[in-house]
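The values are calculated or read from the model by the stated rules, or taken from the named source; none is laboratory data. What you see is a predicted model, and the numbers here were worked out from it, not measured in a lab. For neighbour counting, all protein chains shown are included, and Cβ atoms are generated from backbone atoms with ideal geometry for every residue, glycine included.
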């Protein structure tokens, strides 16, 4: 009788959980869009709310298989330009865009409370601020600062701040400050 072979897939759990969170966020944003919101005919009855994956892929000019795999949390390559196309197709607000690009895995691991809040995907618009960092060797770098706040009824607050360099020379100076290895 042949021996059964069990194959185990070794994964990095933090990357895996990050993919799952990205998939949940994308699905939640796709489900809130109706076909008529993006200029498509309402069509026949739908089994699930929102746009179909195929419709979103077409709007974002990405492959249907690629988007399906992304929304399933598979380990695929996701580049900034592809995410930007999804931002436009999903009609994300600037705050939701930051949420999409944020690296929340470390926060989730450090705080079960943050992980719970992150999983809810409740994102609200908050005023952004401009921060300027002046470095003698690079010059000024302007950052847009957005702080997301969650308040408990007892007055406790959880605040998460995101800093994103403005496009153009500010982004280039930031890249010079933090070169990739």
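Looking across the stretch 131-157, the residues that are at pLDDT below 80 and either touching a strand residue (DSSP E or B) at 6+ places or on another chain (Cβ under 6 Å) or in the same structural domain as residue 97 (by TED's automatic domain parsing) (or both) come down to 146, 147, 148, 149, 150, 151. Taking the criterion of being part of a helix (DSSP H, G or I), surrounded by 15 or more Cβ atoms within 10 Å (Cβ to Cβ) and free of Cβ contacts under 8 Å to residues at least 40 places away in the same chain, the only residue of the stretch 27-50 that qualifies is 35. Can you give me the number of residues within the stretch 164-174 that are surrounded by fewer than 17 Cβ atoms within 10 Å (Cβ to Cβ) and either in contact with a helix residue (DSSP H, G or I) (Cβ under 6 Å, 6 or more places away or on another chain) or in a strand (DSSP E or B) (or both)? Total satisfying the criteria: 0.
Applying the set (1) in contact with a helix residue (DSSP H, G or I) (Cβ under 9 Å, 6 or more places away or on another chain); (2) at pLDDT 85 or above to residue 69 leaves exactly one unmet item: (1).
Taken over the stretch 147-163, the residue count meeting the criterion of being touching a helix residue (DSSP H, G or I) at 6+ places or on another chain (Cβ under 6 Å) and under 16 Å from residue 133 (Cα atoms) is 1. Among the residues of the stretch 51-67, those that are part of a helix (DSSP H, G or I) and either over 19 Å from the mean Cα position of the chain (by Cα) or surrounded by fewer than 16 Cβ atoms within 10 Å (Cβ to Cβ) (or both) comprise 54, 55, 58, 64, 65.
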